[in-house]
Amino acid sequence: MKKLILLITLACLSACSTGSDPAPLSQSRSDGLNPVPGSITYRGQPRTKLNKSPIGSGFSHEFYNSAGDRVVERYVIRADRSLAIVSRRIINLPDDADRPD
């Protein structure tokens with residue numbers, strides 16, 4: 001029964017879009033999303049391993065992309081202590097011209 005609920009949940013979430021540019025989601029791999037400039041794993045895995053963090057635990061990382069949009073990535077620590085990007089949200093910020101005075 002738990003597997004059925006998980007399967008239905010994953011099917012529903014796979015149809016979701018996180019922003020106006022779905023390209024990062026279409027580049028997903030079985031071991032996580034592909035890193036983009038600003039990602040912790042963009043130039044490879046970090047040299048320091050998270051030895052004290054439990055396997056399977058996660059954390060968020062926020063940065064701004066080249067378009068000035070805020071990006072929030074969620075990472076999970078794998079069994080080999082490497083990091084996998086499991087989700088990415090792109091938050092489109094309004095331009096200064098669009099803001100009310």
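The values are calculated or read from the model by the stated rules, or taken from the named source; none is laboratory data. Computed from a predicted structure; not experimentally measured. FYI the Cβ positions are ideal-geometry reconstructions off the backbone, even for glycines, and counts take in every protein chain you see.
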So, first residue aromatic (Phe, Trp, Tyr) in region 63-81, second residue modelled with pLDDT of 95 or more and loosely packed, with under 13 Cβ neighbours inside 10 Å, Cβ within less than 8 Å, six or more apart or across chains; the pairs are TYR75/SER60
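Looking at region 11-34, is at least one residue modelled with pLDDT of 85 or more and among the β-branched types (Val, Ile, Thr)? Write out each step before concluding.
In the first step, residues of region 11-34 are kept if they are modelled with pLDDT of 85 or more; the result is 33-34.
Now restrict to residues that are among the β-branched types (Val, Ile, Thr): none.
Among the residues of region 11-34, not one is modelled with pLDDT of 85 or more and among the β-branched types (Val, Ile, Thr), which makes the answer no.
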Across region 57-71, the tally of residues that are among the acidic types (Asp, Glu) and more than 11 Å from the chain's Cα centre (by Cα) stands at 1
Subset of region 29-82, residues farther than 25 Å from LEU93 by Cβ, assigned to a loop (DSSP other than H, G, I, E, B) and of a type in the set (A, V, I, L, M), comes to LEU50, ILE55, ALA79
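Select from region 64-77 the residues that are within 18 Å of ASN34 (Cβ to Cβ) and surrounded by fewer than 14 Cβ atoms within 10 Å (Cβ to Cβ) and write down the one among them that is modelled with the highest pLDDT. Don't jump to the end; show me each part of the working.
Within region 64-77, the first condition is being within 18 Å of ASN34 (Cβ to Cβ), and the residues that meet it are 65-67, 69, 71-76.
Retained after the next criterion (residues that are surrounded by fewer than 14 Cβ atoms within 10 Å (Cβ to Cβ)): 66-67.
On the way: SER66: 92, ALA67: 89.
The selected residue is SER66.
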